[in-house]
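Beneath this line is the structure, given in structure tokens, with notes to follow.
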Amino acid sequence: MGGHKIRNQQSLHYVTLTTAGWVDLFTRKDNKDILLENLAFYSKHKKLTIYAYVIMTNHLHLILSVDPPYTLSGVLRDFKKYTATKLLEAVKTNPESRREWLLYLFAFFGKKTQVGHQIWQHSNAPIELASPNFILQKLNYIHFNPVRAGWVNQPEHFLYSSASNYLTGDGVFEVTLLPVLNETGWVKVG
């Protein structure tokens with residue numbers, strides 16, 4: 001996964017942002033909210049468009065794009081850098097029974113890279129989405145992730161996912177709906 005690069009900076013991409021060591025950092029609402037608040041900031045100020053997302057315990061899947069003059073690589077780099085700082089601060093200051101263990105692990109991964117603490121893995125595992133079927137495959141993969149994990153029976157029941165945006169038009173975080181392919185062609189869901 002480390003060899004993937006974003007070649008077309010303004011095209012639609014599926015990315016996965018994963019915590020260092022696959023550490024379960026997003027088990028707490030505060031940490032998930034840090035991600036959503038910062039995605040909202042980048043949407044408003046850095047021309048980032050988010051079409052789908054799911055926040056799992058140790059990773060985040062997104063379908064997104066960015067408009068010029070910004071690049072997707074730059075926006076993801078800045079997002080990870082800023083959220084790493086905010087998440088580390090949250091671990092240190094918010095009630096967290098695993099505080100010492102989390103700080104130890106993130107310091108361990110930080111020593112390997114000489115940055116002090118490392119929250120995110122370096123790779124975003126970007127995949128450019130060009131065909132309608134591939135887009136739909138990744139959209140379904142994102143939305144069914146919590147179902148496969150056994151957390152919910154239906155994708156739209158998971159709070160930290162865009163599945164409810166697509167089904168009901170409402171969710172905890174606003175996304176731009178992708179056209180979805182059905183038997184008659186492209187339609188917007190929601």
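Just so you know, all these numbers are worked out from the coordinates, no wet-lab data involved. Keep in mind it's a predicted model, so treat the numbers as computed, not measured. Cβ atoms come from the backbone with ideal geometry, glycine included; neighbour counts cover every protein chain shown.
Can you name the residue in region 152-173 that is in contact (Cβ under 8 Å) with a residue 12 or more places away in the chain, in a loop (DSSP other than H, G, I, E, B) and within 17 Å of the chain's Cα centre (by Cα) and is also nearest to ALA40 (Cα to Cα) among such residues?
Of all residues in region 152-173, those in contact (Cβ under 8 Å) with a residue 12 or more places away in the chain come to 155-156, 158-163, 165-169, 172-173.
Then keep just the ones that are in a loop (DSSP other than H, G, I, E, B); that gives 158-160, 162, 169, 172-173.
Next cut, within 17 Å of the chain's Cα centre (by Cα) only: 158-160, 162, 172-173.
Numbers: PHE158: 19, LEU159: 16, TYR160: 14, SER162: 14, VAL172: 11, PHE173: 8 Å.
The qualifying residue nearest to ALA40 (Cα to Cα) is PHE173.
Please pick out the residue among LEU17, LEU36 that is in contact with a Phe, Trp or Tyr (Cβ under 7 Å, 6 or more places away or on another chain) and either outside any helix (DSSP H, G or I) or surrounded by 21 or more Cβ atoms within 10 Å (Cβ to Cβ) (or both).
Residue meeting the stated conditions: LEU17.
May I ask you to verify whether ALA52 is among the small types (Gly, Ala, Ser) and more than 9 Å from the chain's Cα centre (by Cα)? Spell out how you get there, then give the answer.
On the way: among the small types (Gly, Ala, Ser): yes; more than 9 Å from the chain's Cα centre (by Cα): no.
No.
Scan region 101-136 residue by residue and report those that are under 13 Å from VAL23 (Cβ atoms) and part of a helix (DSSP H, G or I).
Within region 101-136, the first condition is being under 13 Å from VAL23 (Cβ atoms), and the residues that meet it are 101-110, 117-121.
Hits for region 101-136 are TRP101, LEU102, LEU103, TYR104, LEU105, PHE106, ALA107, PHE108, PHE109, GLY110.
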Self-check item: Residues of region 61-76 satisfying the condition of being assigned to a helix (DSSP H, G or I) and touching a Ser or Thr at 6+ places or on another chain (Cβ under 9 Å)
Solution: LEU72
Quiz item: Mind checking which residues of region 114-149 are loosely packed, with under 14 Cβ neighbours inside 10 Å and more than 21 Å from ASN31 (Cβ to Cβ)?
Solution: GLN114, ALA130, SER131, ASN133, GLN137, ARG148
Exercise. Mind listing just one residue for me: the one in region 85-112 that is surrounded by fewer than 13 Cβ atoms within 10 Å (Cβ to Cβ) and among the charged types (D, E, K, R) and, of those, nearest to the chain's Cα centre (by Cα)?
Key: GLU89
Self-check item: Scan of region 20-32 for residues that are outside any loop (DSSP other than H, G, I, E, B) and in contact with a helix residue (DSSP H, G or I) (Cβ under 8 Å, 6 or more places away or on another chain), ordered by number
Solution: ALA20, GLY21, ASP30, ASN31
